[in-house]
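Remarks on the structure that follows.
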Amino acid sequence: ILNVEQSPQSLHVQEGDSTNFTCSFPSSNFYALHWYRWETAKSPEALFVMTLNGDEKKKGRISATLNTKEGYSYLYIKGSQPEDSATYLCASYGGSQGNLIFGKGTKLSVKP
Amino acid sequence: KAGVTQTPRYLIKTRGQQVTLSCSPISGHRSVSWYQQTPGQGLQFLFEYFSETQRNKGNFPGRFSGRQFSNSRSEMNVSTLELGDSALYLCASSLSGSGANSPLHFGNGTRLTVT
């Protein structure tokens, strides 16, 4: 069974701080890695879909990297803002199962 | 383009009853997946439908079932409700299915409370 782990579980930062989270997943039969942002009272929103080893994607102040050989992905937020407060989910899709497996998420709180 | 719509938003049911949740995907999306979220747990995959066929199923008891109609709308049914079924149920649609290469687009969810 595929296990996706995220760390830390929660994070409290000050406005302006840069931060990063980790997502680890089994590297065998890897196919794709997804990142989602889930704000309170809203639905999860896709940030990135990454498939290639060494892939790096960026959306505004948020970027992500992917290492499929060692089975991890990092999500970076530069200059955190209060509106970045949300739970960040990663999910892995592997060849041995036909669906995305989600981690439990990292809950980010940004204080003004 | 309208997003993924889930109805109802909230439901309160009694143990032993059954419930049906509905999901309308984004127009053009043929894949609909269902997830359950309970406190302290990640999103747990229930099943995926693609072009009216169940393509994949998660590790849930047979009390959980679903279907998809020709217009891609999907329903999920839970029979003989148990207290542990209280959860947020999320539906997501995607172009290629299972979110492999294309992202999932989620609805706002149905909050089910079983008393």
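Computed quantities for the displayed model
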| quantity | calculated |
| --- | --- |
| Inter-site label distance for residue B:79 and residue A:9 at 7 Å from Cα along Cβ, in nm | 3.7 nm |
| Amide proton proximity set for residue B:42, modelled H, under 5 Å, gap of 5+ | none |
| Computed Rg/Rh of segment A:8-58, alpha carbon atoms with Kirkwood Rh | 1.00 |
| Residue-averaged beta-carbon neighbours from other chains (10 angstrom radius) around A:42-48 | 6 |
| Cα convex hull of segment B:10-52 - mean projected area over all directions, nm² | 4.4 nm² |
| Average projected area [Cα convex hull, segment B:1-83], square nanometres | 5.9 nm² |
| Computed over chain B: relative contact order in percent, which uses C-alpha pairs under 8 Å that are six or more apart | 37 percent |
| Distance in nm between pseudo-label sites at residue B:2 and residue A:27 (7 Å out along the Cβ direction from Cα) | 4.6 nm |
| As computed over the protein assembly as shown, the Cα convex hull volume per residue (Å³) | 120 Å³ |
| Sum of side-chain charges, residue A:63 neighbourhood, beta-carbon under 14 Å (Lys, Arg +1; Asp, Glu -1) | +3 |
| Excluding exposed DSSP-loop GluC sites (Glu not before Pro) (at most 16 other C-beta within 10 Å), longest clean stretch of chain A | A:71-112 |
| Inverse of mean 1/r across different Cα pairs in chain A, Kirkwood, Å | 14.0 Å |
| Segment A:54-91: trypsin sites (Lys or Arg not before Pro) in DSSP coil with no more than 13 other Cβ atoms inside 10 Å | A:61, A:69 |
| Relative contact order for chain A, counting Cα pairs under 8 Å that sit 6 or more residues apart, in percent | 37 percent |
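Just so you know, all these numbers are worked out from the coordinates, no wet-lab data involved. All values reported here derive from a predicted model rather than from experimental measurement. Ideal geometry is used to build each Cβ from the backbone, glycine not excepted, and the neighbour counts take in all protein chains shown.
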